[in-house]
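**Q** Below you'll find the structure I mean.
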Amino acid sequence: EAGVAQSPRYKIIEKRQSVAFWCNPISGHATLYWYQQILGQGPKLLIQFQNNGVVDDSQLPKDRFSAERLKGVDSTLKIQPAKLEDSAVYLCASSLPWNTEAFFGQGTRLTVV
Amino acid sequence: GENVEQHPSTLSVQEGDSAVIKCTYSDSASNYFPWYKQELGKRPQLIIDIRSNVGEKKDQRIAVTLNKTAKHFSLHITETQPEDSAVYFCAASGGSGDKLTFGTGTRLAVRP
């Protein structure tokens, strides 16, 4: 089966600019996650969707980050405006509901200069 | 919310020796505990998982144990090989909102 697709793979932007990431989960996976992974750290959950509803966004910096999952399939994560500390790999993952294996995409490496 | 602590942060073993990584979780409602391996520059990939109705699970050289009372679980790798060198993450889910929360990671180095 096809895996989780993410784009772009790499992005370099200046601080205060905006950026958007796209994720296409595995077909049939109702649960979609966005994680931020700063170099040398574990993935930090930003937002979790169940179909097109938000399950958890408690760690999403809502003053600058937003995410949506229209029609319960693809998802986009946006940062506006970006800060230097947003430099990280943004990982999208998907799973069947109710605590099953989460499959990760290749990630988008964001560098904010 | 759930908090997952992982130890040690780095681990160096001789090839053929065993490696043990330990995690604790805070939410007693968590019932699913996966372990992921992440090689440099690559995505995390599941290597083994365990559910709260099971105390131990084994898959070839890898085993995971779970102590629900103490709220901790461990990854055991026997007969380590150089290709086991990577960062390993534990995670927990099933609590509030079924969030999948990761530990901070253990960098395992296997010396030939």
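The values are calculated or read from the model by the stated rules, or taken from the named source; none is laboratory data. Worth saying up front: this structure is predicted, and the values here are computed from it rather than measured. Quick reminder, even Gly has a Cβ in these numbers, built from the backbone with ideal geometry, and neighbours come from all protein chains shown. Note: accessible area is taken over every heavy atom of the protein model, side chains too, but ligands, DNA and RNA are not part of it. Shrake-Rupley method; radii C 1.70, N 1.55, O 1.52, S 1.80 Å.
**Q** Select from the stretch A:59-113 the residues that are charged (D, E, K, R) and within 14 Å of chain B (Cβ to nearest Cβ) and write down the one among them that is farthest from the chain's Cα centre (by Cα).
**A** Pass one, the stretch A:59-113, residues charged (D, E, K, R): A:62-64, A:68-69, A:71, A:74, A:78, A:83, A:85-86, A:101, A:109.
If we keep only those that are within 14 Å of chain B (Cβ to nearest Cβ) too, we end up with A:101, A:109.
Working: A:Glu101: 17, A:Arg109: 11 Å.
Within the stretch A:59-113, the match that is farthest from the chain's Cα centre (by Cα) is A:Glu101.
**Q** Further question on the same structure: Which ones in the stretch A:80-99 are in contact with an Asp or Glu (Cβ under 9 Å, 6 or more places away or on another chain) and within 18 Å of A:Asn24 (Cα to Cα)? Talk me through it step by step, then tell me what you get.
**A** Taking the stretch A:80-99 as the starting set, the residues that turn out to be in contact with an Asp or Glu (Cβ under 9 Å, 6 or more places away or on another chain) are A:82, A:95, A:97-99.
A:Ser95, A:Pro97 - these are the residues of the stretch A:80-99 that are in contact with an Asp or Glu (Cβ under 9 Å, 6 or more places away or on another chain) and within 18 Å of A:Asn24 (Cα to Cα).
**Q** Scan the stretch A:76-94 for residues that are open to solvent by 20 Å² or more (accessible area, probe 1.4 Å), β-branched (Val, Ile, Thr) and farther than 14 Å from A:Gly40 by Cα and jot them down. Before the answer, list the steps.
**A** Start the filter on the stretch A:76-94 by keeping residues that are open to solvent by 20 Å² or more (accessible area, probe 1.4 Å), which leaves A:76, A:78, A:80-81, A:83-85, A:87, A:89.
Subsequent filtering for residues that are β-branched (Val, Ile, Thr) retains A:76, A:89.
A:Thr76, the sole residue that qualifies.
**Q** Find all pairs meeting these conditions: Cβ atoms under 6 angstrom apart; at least six residues apart or on different chains; first residue within the stretch A:26-50 and away from chain B (no Cβ under 11 Å); second residue open to solvent by 10 Å² or more (accessible area, probe 1.4 Å) and aromatic (Phe, Trp, Tyr).
**A** If the second residue must be open to solvent by 10 Å² or more (accessible area, probe 1.4 Å) and aromatic (Phe, Trp, Tyr), the pairs left are A:Ile26/A:Phe103.
**Q** Here are some conditions: (1) touching a strand residue (DSSP E or B) at 6+ places or on another chain (Cβ under 8 Å); (2) under 30 Å from B:Ser9 (Cα atoms). A:Gly40 meets all but one. Which one does it not meet?
**A** (1)
**Q** Now a separate question. Take the conditions without any contact (Cβ under 8 Å) to a residue 24 or more places away in the chain and under 14 Å from the mean Cα position of the chain (by Cα) and apply them to A:Gln6. Does it pass? Walk me through it before giving the result.
**A** Working: without any contact (Cβ under 8 Å) to a residue 24 or more places away in the chain: no; under 14 Å from the mean Cα position of the chain (by Cα): yes.
Against the criterion (without any contact (Cβ under 8 Å) to a residue 24 or more places away in the chain and under 14 Å from the mean Cα position of the chain (by Cα)), A:Gln6 does not qualify.
Residues are listed down the side, and each one gets a yes or a no for (1) open to solvent by 20 Å² or more (accessible area, probe 1.4 Å); (2) more than 13 Å from chain A (Cβ to nearest Cβ):
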residue: B:Arg43; (1), (2): yes, no
residue: B:Lys57; (1), (2): yes, yes
residue: B:Gln81; (1), (2): yes, yes
residue: B:Val87; (1), (2): yes, no
residue: B:Asp98; (1), (2): yes, no
residue: B:Gly103; (1), (2): no, no
